[in-house]
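Just so you know, all these numbers are worked out from the coordinates, no wet-lab data involved. Note that the structure is predicted; figures quoted are calculated from it, not measured. Cβ: placed from backbone, ideal geometry, glycine included. Neighbour counts: every protein chain shown.
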Ligand SMILES: Nc1nc2c(c(=O)[nH]1)N[C@H]1C(S)=C(S)[C@@H](COP(=O)(O)O)O[C@H]1N2
Ligand SMILES: [Mo]
């Protein structure tokens, strides 16, 4: 548990939760950012709870419209409790409750991410370096899972393009491959053969460079919970949730379209692009509507799914001239 001191307002680790000095500094960076941006004070009575990493508060919190990007301000945030207890992270089990139950075993500090492949300056970054690279922004994005549910989550991060610019992609780089951690010692889910581990994903380079593609280090005003892909993940809001790979260890720029975990597992069900599209059904179910997690469970009215998850205006151009039924 973390405690807040009256003098500085900073959060110090309690003796029961002494983590490494780096971990502590990383937390402090995120909290400093949250305070500086007014996030904590804006959050009013929820602020302290958010800063303390309490997963129960912040329900339906209304942020000032100027902070909203990528989601209509009329949409309520998904309660943090739901966003952190209804997860897909197959490395920790197949049940939605498994990641919250088991991901505590994931050691996230120290952590480095390697950016390599067809680049001028391959480099390894630790989390502190990532935090220094660019100010964190809050991006409220819808996340639409291919299974037919969605959430609205306030992520903290910055455009992946800022990281990619650091390594200077070569002209021959056409795709970006994301490789996530696969450590059987801490990930009980690796015993299951549902996917070919490590979980990998990919984007076309122009998709990866699109400003909406978020290198994500936090959510709800604090660092990412482990079940949500700590310490660093990708969020691609116009694509099905599985494109948003968690707990990244390598980002590789490549010439050819990379294989992806779900495409390898079921080629006819999950294509490379995986853009949210109400008109292209999954072979086993419709994608026309979705259930918003936190809205009255199974009895809540389903919402209409929007093309590109509602981000058509921003990303539609990337697919001009493509047949989205063929390139699903
Ligand atoms: N490494 C890894 N990343 C992953 C997954 C996974 O199983 N392993 N599941 C994906 C799926 S299907 C979804 S819907 C989102 C869920 O993200 P969230 O739990 O933060 O909402 O993570 C994606 N990223
Ligand atoms: Mo998903």
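Step by step: first the residues of the range 180-201, then only those that are within 16 Å of ligand 2 (Cβ to nearest atom) and either more than 20 Å from the chain's Cα centre (by Cα) or assigned to a strand (DSSP E or B) (or both), then the one that is surrounded by the fewest Cβ atoms within 10 Å (Cβ to Cβ). Which residue is that? Before you say what the answer is, go through the steps one by one.
In the first step, residues of the range 180-201 are kept if they are within 16 Å of ligand 2 (Cβ to nearest atom); the result is 180, 189, 194-195, 199-201.
Checking which are either more than 20 Å from the chain's Cα centre (by Cα) or assigned to a strand (DSSP E or B) (or both) leaves us with 180, 194, 200-201.
Numbers: 180: 22, 194: 11, 200: 22, 201: 26.
Checked the range 180-201; the qualifying residue surrounded by the fewest Cβ atoms within 10 Å (Cβ to Cβ) is 194.
In the range 225-259, of all residues being within 13 Å of ligand 1 (Cβ to nearest atom) and free of Cβ contacts under 8 Å to residues at least 60 places away in the same chain, the one that is farthest from residue 135 (Cα to Cα) corresponds to 243. Taking the criterion of being in contact with a helix residue (DSSP H, G or I) (Cβ under 6 Å, 6 or more places away or on another chain), more than 15 Å from ligand 1 (Cβ to nearest atom) and closer than 28 Å to residue 205 by Cβ, the residues of the range 94-121 that qualify are 115, 119, 121. Being over 18 Å from residue 183 (Cβ atoms) and touching a strand residue (DSSP E or B) at 6+ places or on another chain (Cβ under 8 Å) holds for only one residue in 128, 137, and it is 137.
Selection of the range 287-320 for residues being assigned to a helix (DSSP H, G or I), surrounded by 14 or more Cβ atoms within 10 Å (Cβ to Cβ) and out of contact with any helix residue (DSSP H, G or I) (no Cβ under 7 Å at 6 or more places or on another chain) yields 307, 309, 310, 312, 314, 319.
Screening the candidates 177, 91 for the property of being within 16 Å of ligand 1 (Cβ to nearest atom) and assigned to a helix (DSSP H, G or I) yields one hit, 91. For the range 237-278, the set of residues classified as in contact with a strand residue (DSSP E or B) (Cβ under 7 Å, 6 or more places away or on another chain) and within 12 Å of ligand 2 (Cβ to nearest atom) consists of 239, 240, 241, 243, 244, 245, 246, 261, 274, 276, listed by residue number.
Sort out which residues of the range 242-285 are surrounded by fewer than 20 Cβ atoms within 10 Å (Cβ to Cβ) and not in a loop (DSSP other than H, G, I, E, B), and write them in order of number. Within the range 242-285, 249, 250, 254, 264, 265, 282, 285 qualify.
Surrounded by fewer than 20 Cβ atoms within 10 Å (Cβ to Cβ) and under 19 Å from residue 230 (Cα atoms): which single residue out of 143, 133 fits that description?
Among 143, 133, only 133 is surrounded by fewer than 20 Cβ atoms within 10 Å (Cβ to Cβ) and under 19 Å from residue 230 (Cα atoms).
Residues in the range 122-131 that are assigned to a helix (DSSP H, G or I) and out of contact with any helix residue (DSSP H, G or I) (no Cβ under 8 Å at 6 or more places or on another chain): 129 only.
Given the residues 327, 323, which is the only one that is surrounded by fewer than 17 Cβ atoms within 10 Å (Cβ to Cβ) and free of Cβ contacts under 8 Å to residues at least 40 places away in the same chain? The conditions single out 323. Among the residues of the range 260-287, those that are within 15 Å of ligand 1 (Cβ to nearest atom), closer than 24 Å to residue 229 by Cβ and touching a residue at least 40 places away in the same chain (Cβ under 8 Å) comprise 260, 261, 262, 264, 265, 270, 271, 274, 275, 276, 282, 287. Scanning the range 132-170 for residues that are in contact with a helix residue (DSSP H, G or I) (Cβ under 7 Å, 6 or more places away or on another chain), part of a strand (DSSP E or B) and under 30 Å from residue 269 (Cα atoms) returns 142, 143, 144, 151, 153.
In the set (1) in contact with a helix residue (DSSP H, G or I) (Cβ under 9 Å, 6 or more places away or on another chain); (2) farther than 24 Å from residue 84 by Cα, residue 246 fails one condition alone, (2).
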